[in-house]
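A quick write-up on the structure given underneath.
The values are calculated or read from the model by the stated rules, or taken from the named source; none is laboratory data. As the structure is a computational prediction, the values presented were derived from the model and not from experiment. Using ideal geometry, Cβ is built from the backbone for each residue, glycine included, and neighbour counts are taken over all protein chains shown.
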Amino acid sequence: MSDSQALKLYQMTRRCFLGNVYTGMSGIGAMHLLSSGVAGGQEGWQSGCGKTHYAAPAKRVLQIFCPGAASHMDLWDYKPALEKYHGKPLPGEEDLVSFQGKNGSLMKSPWPLVPSGESGKRISSLLPCMARHVDDIAFVHSMQSPTNTHGPGCVFVSTGHPVEGFPAAGAWASYALGSENENLPTYVAISDIRGEPPNGKANWSNGFLSAHHQAVMMSDHQRIRNLARPNSVSESQEMASSKLLGELNHSFSDANPGESDLKARIAAYELAARMQLSAPEVSDLSRETIETHNLYGTEDRNPLKAAYARNCLLARRLLERNVRYVNLYCGSRASGVDGLLNWDAHATLKADYERHCPIFDQPTAALLTDLKQSGLLDETLVLWTTEFGRMPTHQAGTAGRDHNPDGFTCWMMGAGVQGGVSYGATDEFGRRAEVHPTTVWDFYATVLHLLGFDHEKLVWYHNGLNRRLTDVHGHVLTDIVAG
């Protein structure tokens, strides 16, 4: 220390010292943020460049979502006790009042669950095409949710939080992996022809992540508009206009570095310009063979099935062009008639599922078959999700089932997944998760693991916290991870 520095330190008053402490502490804080990866790279790891925490099999994700709380006992979770005790009260819960009121007696499934595949896994006879894939699927039968309301339930399964404002799993994947195709979105949401799911776009929101991580909506029935250049504008004129606009936008963006929404909008417009060429090609299903269309059922006499089949085919075309995350919906919001537009079967379970299962079965199975035959399944993680399950009893005065957040089924298939297994279990009636109770956070910890990420290290600093897809929870379900 020089003499002048020593003199300044000696002459420092207490007030001066305390004033400088705040400056020093802020510097220490800034250094900590920079070193820990919150304000910059994360110990050398840089998000969005395709660099993972470790090598992993999955490079992209297809998430099939059936909104309305698809009944686990009537689709995937075989419960012989329901047949044995059909018409009798649920032991210990004879006077149970659930979401919509009092429950009646135990009710067996209206259809048999039949042994399928080499594993002999029982699934509904209403899903004969899906039955061919059971040996490749890892069923998680012990899922639980903190909510029994459709909107919060869908958002919770999509984002890991029951309230809006948090990033969807696909937005986290976009942030973590970045794009493999600069001419297509990193994250795409394909809504059902019947409408958006409960709580709509909150299911594929970017939340507090940069705005460009929000999903782009595409579907066969909602083509991207205004892609064609007006006849009065030449290609050279359009290129010159785009160049000038880009220079103006980037100049303003550079002068306002804190405006992330502006940067995201610029990126979105530039992507839209590139999509003028790529989007019409990827959405042109006429390029597919007749055999492929027949496999999916795109020309089926049921217009709802045909529309969903075309969306399944669109999903495959997006995945093969390296879109990182695709949400594919089969069903929409609840309607004035329960079970009409989605899987919410309060009153007429049999009629509702005999409507929904044929729409879902062939196109979904065809998509899985197509991914497997093409080799895409080796690098694509497929998820099937719903927001919660249904009660093993019938709703009083009806032939339907009420909401059940205490036990339900989701499943995984594809890259890195051990097929032909069932993880966890509900009790003998399907009422509650009893063996290995599993949360959405565990589910997504496993998804991120298969994508090459430690879910505790994939963070975004927001409002004083390192936010995660898995919140402060989550364990990898190692029993369903291959190898």
> Looking at (1) within 20 Å of T385 (Cα to Cα); (2) touching a Pro at 6+ places or on another chain (Cβ under 7 Å), which is the only condition S174 fails?
Replying inline: (2)
>> Give me the residue from the range 290-304 that is in a helix (DSSP H, G or I) and in contact with an Asp or Glu (Cβ under 9 Å, 6 or more places away or on another chain) and, out of that set, nearest to K201 (Cα to Cα).
In response: L304
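Residues in the range 407-439 that are of a type in the set (G, A, S) and either without any contact (Cβ under 8 Å) to a residue 60 or more places away in the chain or within 9 Å of S142 (Cα to Cα) (or both): how many? Outline the logic, then answer.
Of the residues in the range 407-439, the ones of a type in the set (G, A, S) are 407, 414-416, 419-420, 422, 424-425, 430, 433.
Among the residues that remain, those that are also either without any contact (Cβ under 8 Å) to a residue 60 or more places away in the chain or within 9 Å of S142 (Cα to Cα) (or both) are: 407, 424-425, 433.
Qualifying residue count, the range 407-439: 4.
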> If you take the residues of the range 334-388 that are touching a Lys or Arg at 6+ places or on another chain (Cβ under 7 Å) and acidic (D, E), which of them is surrounded by the most Cβ atoms within 10 Å (Cβ to Cβ)?
Replying inline: D370
> In the set N322, N404, which member is touching a residue at least 60 places away in the same chain (Cβ under 8 Å), closer than 17 Å to C154 by Cα and either surrounded by fewer than 24 Cβ atoms within 10 Å (Cβ to Cβ) or assigned by TED's automatic domain parsing to the domain that holds E291 (or both)?
Replying inline: N404
>> Suppose we filter the range 211-228 for residues that are surrounded by fewer than 19 Cβ atoms within 10 Å (Cβ to Cβ) and in a loop (DSSP other than H, G, I, E, B); how many remain?
In response: 8
>> With the requirement that a residue be buried (at least 21 other Cβ atoms within 10 Å of the Cβ) and in a loop (DSSP other than H, G, I, E, B), what does the range 79-106 give you?
In response: K79
> With (1) over 21 Å from L318 (Cα atoms); (2) part of a loop (DSSP other than H, G, I, E, B); (3) at pLDDT 95 or above as the list, and V233 as the residue in question, which single condition is left unmet?
Replying inline: (3)
>> Taking the conditions exactly as written (at pLDDT 95 or above and either surrounded by fewer than 23 Cβ atoms within 10 Å (Cβ to Cβ) or within 21 Å of Y444 (Cβ to Cβ) (or both)), does M391 satisfy them or not?
In response: no
> Got a number for residues in the range 155-176 being surrounded by 24 or more Cβ atoms within 10 Å (Cβ to Cβ) and outside any helix (DSSP H, G or I)?
Replying inline: 4
>> Going residue by residue through the range 240-254, is there one that turns out to be touching a residue at least 24 places away in the same chain (Cβ under 8 Å) and on the phi > 0 side of the Ramachandran plot?
In response: no
>> Against the conditions (1) more than 30 Å from E291 (Cβ to Cβ); (2) surrounded by fewer than 18 Cβ atoms within 10 Å (Cβ to Cβ), where does T409 fall short? Just the number, please.
In response: (2)
> Checking I359 against (1) under 23 Å from the mean Cα position of the chain (by Cα); (2) β-branched (V, I, T); (3) more than 15 Å from I190 (Cβ to Cβ), which test does it fail?
Replying inline: (3)
> Do any residues in the range 77-106 that are within 27 Å of L126 (Cα to Cα) have Cβ atoms under 7 Å from those of residues that are among the aromatic types (F, W, Y) and not in a strand (DSSP E or B), where the two are at least six apart or on different chains, and which pairs are they?
Replying inline: K79/F429; A81/F429; L82/F429; L90/F429; L106/Y85; L106/F429
